[in-house]
1. Given the Cα-Cα distance of Gln36 and Met50 and 0.36 nm per residue of separation, how much length would full extension add, in nm?
2. Each residue of the stretch 25-33 in turn: what ³J(HN,Hα) in whole Hz from Karplus with 6.51, -1.76, 1.60 and θ = phi - 60°, glycine and Pro shown as x?
3. Using only the Cα atoms of the stretch 26-145, build the gyration tensor, take square roots of its eigenvalues as a ≥ b ≥ c, and label the shape rounded, prolate or oblate: rounded if a/c is under 1.5, else prolate if a/b is larger than b/c, else oblate.
4. Setting aside same-chain residues fewer than 8 positions from Lys66, which lysines have a Cα under 25 Å from its Cα?
Amino acid sequence: MNRPAMSLLLSGALLLGSTAAQAALPDEATLYKNPQCGCCDDYARHLEEMGVSVTIVDDVEVGSIKLQAGLPYGLGACHTTLMGGYAIEGHVPLAAVEKLFEERPPIGGIGLAGMPIGTPGMPGPKQGDWDIYQFTDQEPSPFMTL
């Protein structure tokens, strides 16, 4: 096969591969946050850039949403997103969100505790590894490290 044809096939395969990852994401999400939190709005914009329509709710007790989602105690962040039957806690990197929806494990959700600099919605350069956990019924276990 000649070089231009091979390049075209490779480009097409890469395009289809990236489309397949995004196609696995749900069309809609609901992000629960405190009204004053701007980084949460930025996280919603990152999801929207991936083709997810995000409804932001900032007039509820966020702690009750976290409790209903089964979030492990002490591993919370500033917002909780519900999408596709999962809870996504905090500024979870989008690669982890894509992995969650590609694999669809039988868990309650995934999270990243705190508000790490460099994650989607948090300005600044990445500072160290991000340990994303998975959880079900308030019991955490490792999901992936980025």
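1. Values: separation 14, 0.36 × 14 = 5.04 nm, distance 2.43 nm.
The span from Gln36 to Met50 would gain 2.6 nm if fully extended.
2. So the Karplus estimates, Gly and Pro as x, are 6, x, 6, 9, 8, 10, 10, 9, 8 Hz.
3. Values: a/c = 1.17, a/b = 1.06, b/c = 1.11.
Because its axes are fairly even, with a/c under 1.5, the stretch 26-145 counts as rounded.
4. Counting by Cα, and skipping residues close in sequence, Lys66 has these lysines nearby: Lys33, Lys99.
Values quoted throughout were computed directly from the atomic coordinates according to the rules given, and no laboratory measurement underlies them. Nothing here was measured: the structure is a model prediction, and the numbers come from that model.
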